[in-house]
Protein chains: 2
Amino acid sequence: MDWLDEVKWDAQGLVPVIAQEVGSNDVLMFAFMNREALAKTAELGEAVYWSRSRGRLWHKGEESGHFQKVREMRLDCDKDVVLLKVEQLGHDSENASIACHTGRHSCFFHRLDAGTWQTVEPVLVDPERIYK
Amino acid sequence: MDWLDEVKWDAQGLVPVIAQEVGSNDVLMFAFMNREALAKTAELGEAVYWSRSRGRLWHKGEESGHFQKVREMRLDCDKDVVLLKVEQLGHDSENASIACHTGRHSCFFHRLDAGTWQTVEPVLVDPERIYK
């Protein structure tokens, strides 16, 4: 049986994917894959998602250069959620890994503090420098 | 503006939620919340999900005793995914934290190895001892 057939795709043919950084174990982002995206991810060794807004495959880093090298792929107990352990590439010669389109390390930069969402992670590189 | 109003609920009124263990930073599980579940989670300081299969609120641990004490709540850049940082309770006097209904630490216990999903995490407590 093909490993792709074991994944329980949802009604839209998608599976939720969590990207976690190897080493720090930080959760970087969350997205979806279809079967083709997951196959491509395994083939390339780099994360390829399905962009629901653009309706096409999205090779993470194709515009920003912030590719995700996949070190390990996990599937949960119900076989309907994927966890990628990735090496997150950053910008140019700078060392910091950047997963978020806002130029931050992780997409999860809002923290609930006393009943309001506060921005608690710095912008490492101005998005205008990333997407030009 | 209420912090719950800032969350971008999907067409079913749900938001995907990732539970990550404080300290180890291990990703433990993935589930959904509706507005009531997220409000309850904040109120109790323990994870309350929306069970899509049972169609009701699911106070994680209500059957197993494996409650999740919420130490921090995060929201992503698009405000449509929640990350909970939790202290995962285990079983009885044993120390190991157990998030998965299979008796394992994490739900993400299948690893893709040479084209097949392998089970790579041990069962810490027999589910028959957990659910009785």
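For this structure, a couple of remarks:
- Distance from the C-alpha centroid of region B:1-74 to that of region A:67-132: 21 Å, rounded to the whole angstrom.
- Cα long-axis angle, helix A:35-44 against chain A (0 to 90 degrees, to the nearest 10): 70 degrees
- Ranked list, fewest to most other Cβ atoms within 10 Å of each Cβ, for A:ILE18, A:ILE130: A:ILE130, A:ILE18
- Most fluctuating residue given options A:GLN118, A:GLN20, A:GLN88, as computed from a GNM of chain A linking Cα atoms under 10 Å: A:GLN118
- Under 29 Å from A:LYS60, Cα to Cα: lysines that are on another chain or at least 8 residues apart: A:LYS8, A:LYS40, A:LYS69, A:LYS79, A:LYS85, A:LYS132, B:LYS8, B:LYS79, B:LYS85
- Put in line by how crowded their Cβ is, counting other Cβ atoms within 10 Å and starting with the fewest, A:SER106, B:SER51 read B:SER51, A:SER106.
Bear in mind that the values in this text are calculations on the coordinates, not laboratory data. Please read these numbers as outputs of a predicted model, since none were measured by experiment. Note: ideal-geometry Cβ built from the backbone for every residue, glycine included; neighbour counts use all protein chains shown.
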